[in-house]
Structures are given as C-alpha cells and as structure tokens.
Number of protein chains: 2
Amino acid sequence: MRLERKMEAKESGKLSEAYPMKSGDGPYSYAKTSVSQKVVIDFTKQLMNKEVGEKLDIGFSSSSPPEVFSIADLGCSVGPNTFSAVENIIEAVELKFETLGLTSIKPEFQVFFNDHTSNDFNMLFKSLPPNRRYYAAGVPGSFYGRIFPEASLHFVHSSFAVHWLSQVPEEVMDKSSPAWNKGRVYFSNSRDEVIKAYKDQHQNDMEAFFKARAEEVVCGGLMILIILGIADGIHPSESGGHRGFDLIGSCLMDMVEKGTVSEEKFDSFNIPTYLMSPHEFEEAVKRNGSFTAERIQVLPHVKVNGASLTAQQVTNCVRSTLGELIKQHFGEEIVDELFDLYLKKVEEVHPSSIAEADKTLSFLAVLKRN
Amino acid sequence: MRLERKMEAKESGKLSEAYPMKSGDGPYSYAKTSVSQKVVIDFTKQLMNKEVGEKLDIGFSSSSPPEVFSIADLGCSVGPNTFSAVENIIEAVELKFETLGLTSIKPEFQVFFNDHTSNDFNMLFKSLPPNRRYYAAGVPGSFYGRIFPEASLHFVHSSFAVHWLSQVPEEVMDKSSPAWNKGRVYFSNSRDEVIKAYKDQHQNDMEAFFKARAEEVVCGGLMILIILGIADGIHPSESGGHRGFDLIGSCLMDMVEKGTVSEEKFDSFNIPTYLMSPHEFEEAVKRNGSFTAERIQVLPHVKVNGASLTAQQVTNCVRSTLGELIKQHFGEEIVDELFDLYLKKVEEVHPSSIAEADKTLSFLAVLKRN
C-alpha cells in the first residue's frame with residue numbers, strides 16, 4: 001500500500017543518502033514511517049503474545065486446530081518491517097499452541113504478502129529471510145477488494161497502510177462540483193464540501209475493507225491493524241499532515257506561477273489519504289458488524305533517538321512518501337525542483353514544528369472475527 | 001523456471017524484434033518454446049477435461065469437495081501461457097463439478113504462480129488477466145524443494161520447466177574430478193563421467209521434485225506436467241540440444257582463442273539442463289511411489305506455420321533461453337559478440353537441421369497423488 005517502494009542501492013542492501021526512506025509510507029513524518037514503524041512493531045510484539053493467547057480462537061476448543069495457519073500482511077511494501085511483524089505473529093501462535101499443550105501438532109505457516117500490483121514484489125521476494133519458517137507468497141491487489149478466498153485467513157496484519165484511500169474522491173477533481181478542490185492538494189483548510197468528499201470516500205473504503213476481510217477471515221481469527229490517524233475530537237480539516245501537505249501545495253503553487261507546472265495539472269492533483277480517529281475507526285468496525293474490537297490503543301509517541309528531525313530529514317521523508325505520486329501525476333522532471341523548494345520552505349519554519357506539532361498519532365486495533 | 005524472463009518493450013505489450021522469445025525457455029528450439037508452448041497448451045485443453053473428469057478425486061465421493069480449489073503452476077515465467085493453462089484447468093474443474101451435479105457448490109480458485117525468485121514477478125502480476133476468476137498469488141523459489149504447505153494443493157501444472165536442473169552438477173566443475181567437463185558446455189559428446197554426473201544430478205532433482213510434491217498435493221489430486229525430453233532409447237550423449245549447445249561451446253571456444261573470454265571462465269561454464277525420456281520419467285515416478293502415472297503421452301511435433309525456422313530465429317531462440325545464463329557467467333559484454341558468431345555458424349549449416357533434426361520431443365504426463 002506504499003506509494004513509493006523502490007529502494008535505491010538495493011544490490012548492496014543499503015539505502016542511499018538521497019532517499020533514506022523511499023519505501024516508507026507515512027504522509028510526512030519520517031519518524032512515523034520506517035524508523036517508528038520498527039519501534040511500533042517491536043512494541044506490538046509484547047501485545048501480540050497476550051492477544052493471540054487470549055483472543056485467537058480457531059478450532060482450539062474442538063481440538064481441530066488448523067494444520068496450515070494462514071497469515072496476511074496487507075500493504076507490506078518491500079520489507080524488512082513486514083518480516084519482523086510476521087515473525088512476531090508466528091512466535092505468538094506457536095506459543096499459543098504450546099500453552100494449550102498442543103505439542104504434537106506443529107502447524108505449518110503460509111504467509112501472504114499483499115500490496116498494490118505496482119509494489120516491487122521482485123525486491124520483496126529477494127529480501128525474504130533465508131531461514132524463514134513459513135511458506136511465502138505475494139498477493140498483488142488493493143485490499144479494498146477481495147484478494148483471498150473465503151474463510152482462508154487466520155490472521156491479518158496491516159501496518160501504516162489503511163490511511164491510504166483507494167482513490168482520490170471523484171468530486172474533488174470535478175470542475176462542476178462544489179467539492180472541486182481548486183488550488184489545493186489536500187482537504188485540510190479546504191471547504192466543507194471537499195472535506196465531506198474525502199470523508200465519504202474514506203467511509204466507503206472502510207466499508208469495502210471490512211466487507212472483504214469479513215469474508216476472508218475465519219471465525220475466531222484475528223486482525224491487528226496499526227493505523228496512522230488523528231486524535232479523537234480533532235476536526236478533519238485540522239487533520240494530520242495538513243502542514244506538510246499544505247507546504248507541498250504551496251510549493252506547487254509557486255511552480256505554477258513560475259510556469260514550471262500548469263495550473264490544470266496542479267488543480268487535478270490531490271493526495272489520496274485520510275487519517276481517521278480511533279473513534280471513527282471503532283464506528284466503522286461497528287457498522288460492518290463482523291468483527292469485535294478487542295482492543296484499540298493509542299501508541300506512545302515515538303522519537304527517533306530522542307531528537308527532532310532536520311529540515312532535510314523531513315523533506316526526505318515527504319519525498320519518500322509522495323515522490324512517486326507526484327512523479328506519476330506531474331512527470332519526473334519536476335520532482336527535484338519541487339523538493340528543493342520544499343526543503344527551503346521547511347528550513348524557514350522550524351522543521352520539528354511540521355514533524356511533531358501536529359495532531360497525528362498512531363493507534364493499534366485488535367479485531368476478532370465473530 | 002525460465003532462465004530469461006524480462007521481456008523487451010513490456011510497456012507497449014509488444015515483443016521487440018530483437019528478442020521475440022525472451023521469456024521462452026526451450027534449450028534451443030524456438031518452435032518448442034513459446035509458440036509451440038501455446039500450441040501444446042491448446043492441445044492439452046482437450047485432454048484436461050477428460051483427465052480431470054475421470055481422475056481428479058478430492059472428496060467428491062464423500063460429498064465434501066473443497067471450498068477452495070488450489071492450483072499451482074510451477075515454472076510459470078511471466079505469462080501469458082501460464083494464464084491460458086490455468087484457465088483450462090479451472091474450466092475442467094468447473095465442468096467436473098457440474099457433471100457431478102454439484103451445482104450448489106461453486107468452489108473458489110486460488111492460483112499460485114511459482115518460479116525462481118529471480119523471475120520477473122512484477123511483470124507477471126501486471127499482466128494478470130483483469131477479469132480472472134481466481135485469487136492469484138506468486139510463490140518464489142525452486143520447485144526442487146518444498147514451497148507449499150502440506151496437502152495444500154489440488155492441482156499442479158508445469159509446462160516446459162522440469163528439464164532445467166536445480167544446478168550444474170558439482171563434479172563437472174571440479175578440476176580434480178574425472179567428470180571435469182573441460183572444453184565443453186554440456187554433456188553431449190562428452191566423457192561417460194560427465195554424462196553420469198548430469199544423469200545423477202537429474203535423478204536427485206527428480207527425487208526432490210516428487211518428494212516435495214507428494215507432501216504438497218492432496219490425495220486424489222492431479223499433476224499435469226509437460227516435459228521437453230528425448231525419445232526412449234536415445235543415449236543421453238545424443239540428447240536434445242546437443243547440436244545447438246555444441247555450437248554455443250564452439251563459439252565460446254573461438255572467443256577463448258581470440259582472447260575475449262578466458263579459458264578458465266569457459267571451462268567453468270556448463271548448461272544446467274537434462275532432457276529425459278518418457279521411460280526415465282516413468283521410472284522416477286515409480287521410485288517415488290506417491291503418484292500413479294495415469295497417462296504419459298508423446299505430443300505431436302509442432303511446426304510453426306508449417307515452416308522451418310530461419311537462422312536468425314534459431315539464434316534468437318537460443319539467446320532467449322541461454323542469454324541470461326551466459327550474461328550471469330561471462331558478463332553482459334560478451335553476449336552480442338557470442339550470438340553474432342552463433343548466427344554465422346547457424347547460417348553455415350542449414351538452420352532447420354539444428355531446430356528439427358534432433359531427437360527431442362515433448363511429452364505430457366498426468367499423475368494422480370495416491
């Protein structure tokens with residue numbers, strides 16, 4: 001579900017200086033994408049054992065636990081975080097089998113790594129841990145539709161992916177609509193009609209997401225989602241990323257005035273994300289009705305080595321997230337200029353004010369299929 | 001299992017003139033790779049309905065047929081032939097359900113496309129038929145080992161893939177071994193020790209192949225393999241490809257003499273294929289013991305539009321098959337020169353004598369898991 005996936009210097013296994021987070025996916029915060037994603041995954045590990053131990057309920061009571069335990073990671077990108085998450089899940093499930101005294105039954109694990117068809121699956125496959133204790137498969141396609149057979153998954157995981165909408169809401173690109181988002185690239189500080197269009201798109205996407213998962217996950221199976229969102233009570237107009245996204249809008253506007261970007265191209269560009277609050281998420285779960293929210297927990301704010309981010313780090317992070325989207329819409333030739341401009345604008349304000357002073361948060365949800 | 005996968009001009013969906021068969025995999029015969037592969041798949045379609053109708057036996061009698069029917073195509077390359085094969089299998093299985101009057105039960109299909117990790121899965125995923133009636137997954141890894149959970153497959157298909165060995169036999173690269181294959185790139189017309197090393201490698205590979213499949217395929221499940229082989233009674237030394245492969249060896253030798261290729265590099269290069277006879281295949285099935293050969297049938301010789309191949313077509317075909325292997329071993333810089341030389345040598349002999357006058361054939365095997 002990451003919009004930017006190809007990592008530089010993949011042969012050497014190192015990330016290049018220029019794109020330290022190319023495979024990350026947070027909308028603007030470097031600390032909230034890969035680095036913090038790792039921190040979050042480590043944090044979730046502790047929870048995983050507890051939740052799997054207490055909540056996972058797939059045939060254990062009828063003493064017919066599955067011989068093949070199927071796990072899906074939705075929006076997996078290219079790794080390595082997806083591999084850590086999967087490893088934690090498997091450990092927790094094996095522990096559960098042991099705790100229940102099912103020592104003679106050793107389930108085999110099949111792990112489905114899902115992301116958009118445009119994800120770099122070649123790279124994902126090449127970086128699969130060599131001594132993994134599961135059978136790996138890649139599944140291309142949007143998780144807003146069915147991508148697995150009925151009742152074929154025991155565990156679904158997704159980390160920092162469901163804040164991406166399935167598409168930009170159509171109305172915001174429609175010149176004849178009151179929701180036309182002229183002069184902006186996001187709904188923050190925009191008209192109510194624009195906000196509503198984004199909100200509706202998000203609701204439709206959540207509906208599609210839960211409908212598909214309800215069909216795919218076995219009864220008693222678990223879904224653990226780690227979600228980039230906003231605090232309860234924050235108006236969507238003030239929602240996360242608005243300062244970073246507004247800055248992108250402002251840079252693009254400068255480029256329109258300079259003539260580097262056409263006004264039409266600018267007006268037709270909108271960022272397809274929506275950050276929901278824990279409350280909005282809970283409502284979506286209830287509307288669907290097939291899952292019970294066993295836990296919804298706001299995650300502690302993560303600092304990277306205790307320090308604020310430099311302007312360059314903030315810029316790199318935004319570029320890693322939105323670079324591909326911008327390239328697809330405007331063409332590769334504007335990307336360098338745009339982010340040079342962006343860097344200057346970030347330097348003008350204190351970068352940490354963009355990276356930290358917003359109202360975004362991450363929360364974790366544990367859902368059980370009824 | 002194809003050694004060359006990336007197709008030129010993939011954006012346009014067309015193959016370039018220079019590499020018409022880049023994703024093909026026959027050892028040298030263009031007619032026997034993609035074009036004939038399509039012909040063979042169409043031919044097998046007729047057989048498919050019959051074999052699935054009569055032989056597939058997965059819970060139908062106990063009136064608990066599977067809700068999810070799992071198909072794997074081993075050595076799938078990048079398509080489109082793999083998609084045609086899968087479509088034929090699904091049609092045959094649906095027909096079987098209908099024939100048995102199981103009209104209320106409509107199984108869902110999950111298809112696993114397998115090939116080496118170095119296969120271009122990105123391209124495969126992008127070219128998946130948009131209106132497919134199955135859930136698609138890619139599975140990276142060698143089919144000479146376990147790549148699926150136990151008893152998780154109902155149908156295995158593989159077309160023109162199992163003639164690739166898992167590796168070059170070690171002895172033929174060992175200077176201290178009597179099987180050292182100095183001055184040659186293949187075992188044809190080579191010493192008995194070299195032939196034996198290839199034969200042993202092939203036997204080990206077949207053993208590993210059937211052992212893994214026996215664990216992965218459910219009882220009563222089917223395996224249909226289309227195999228590039230040689231006629232019964234042909235000595236391996238005379239086996240298919242020897243003329244084309246010998247010509248590669250001869251070109252490389254010329255380049256050693258010219259100084260373009262080092263003798264050491266040349267001596268350490270060997271082509272990892274082995275063409276087996278239907279009889280050898282049957283013996284391997286029996287040695288394993290988990291499958292019953294329901295049918296082993298030599299396929300009719302395929303002509304492409306009734307015509308012989310030009311020298312250029314023969315060369316392109318060999319390049320599409322071995323180009324990547326040669327590039328990996330010798331470096332990209334020698335590939336053009338090598339195949340220019342190859343073309344000249346093919347022009348010296350009548351090209352059809354290489355493409356047609358050998359003793360290779362294709363055969364189809366239908367195996368049922370006991």
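The values are calculated or read from the model by the stated rules, or taken from the named source; none is laboratory data. Predicted model only: the values in this text are computed from it and were never measured. Counting neighbours? That spans all protein chains shown, and the Cβs are built from the backbone with ideal geometry, glycine included.
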Count of residues meeting criterion [under 15 Å from B:Phe209 (Cβ atoms) and modelled with pLDDT of 95 or more] in the stretch B:140-161: 12
Give the residue, chosen from A:Ser104, A:Ser84, that is within 17 Å of the chain's Cα centre (by Cα) and over 24 Å from A:Pro149 (Cβ atoms). A:Ser84
Specify which of the listed residues (A:Lys126, A:Lys182) is modelled with pLDDT under 95 and not polar (S, T, N, Q). A:Lys182
Does the stretch B:76-84 contain at least one residue that is outside any loop (DSSP other than H, G, I, E, B), crowded, with 24+ Cβ neighbours inside 10 Å and more than 13 Å from chain A (Cβ to nearest Cβ)? yes
Within the stretch B:104-149, tally of residues that are of a type in the set (A, V, I, L, M), over 18 Å from A:Val68 (Cα atoms) and more than 8 Å from chain A (Cβ to nearest Cβ): 3
Take the conditions more than 7 Å from every other protein chain (Cβ to nearest Cβ), of a type outside the set (Phe, Trp, Tyr), touching a Leu at 6+ places or on another chain (Cβ under 6 Å) and under 21 Å from B:Glu87 (Cα atoms) and apply them to B:Ser158. Does it pass? yes
Residues that are surrounded by 22 or more Cβ atoms within 10 Å (Cβ to Cβ) and without any contact (Cβ under 8 Å) to a residue 60 or more places away in the chain, drawn from the stretch A:133-156: A:Tyr135, A:Ala136, A:Ala137, A:Gly138, A:Pro140
Contact list please: Cβ distance under 8 Å, first residue in the stretch A:343-355 and of a type in the set (Asp, Glu), second residue modelled with pLDDT of 70 or more, pairs at least six apart or on different chains. A:Glu347/A:Ala311
Of B:Ala72, B:Ala136, B:Ala85, the only residue that is closer than 23 Å to B:Ala212 by Cα and at pLDDT below 95 is B:Ala85
Does the stretch A:215-272 hold any residues that are part of a strand (DSSP E or B) and farther than 18 Å from A:Tyr198 by Cα, and which are they? A:Val217, A:Val218, A:Cys219, A:Gly220, A:Gly221, A:Leu222, A:Met223, A:Ile224, A:Leu225, A:Ile226
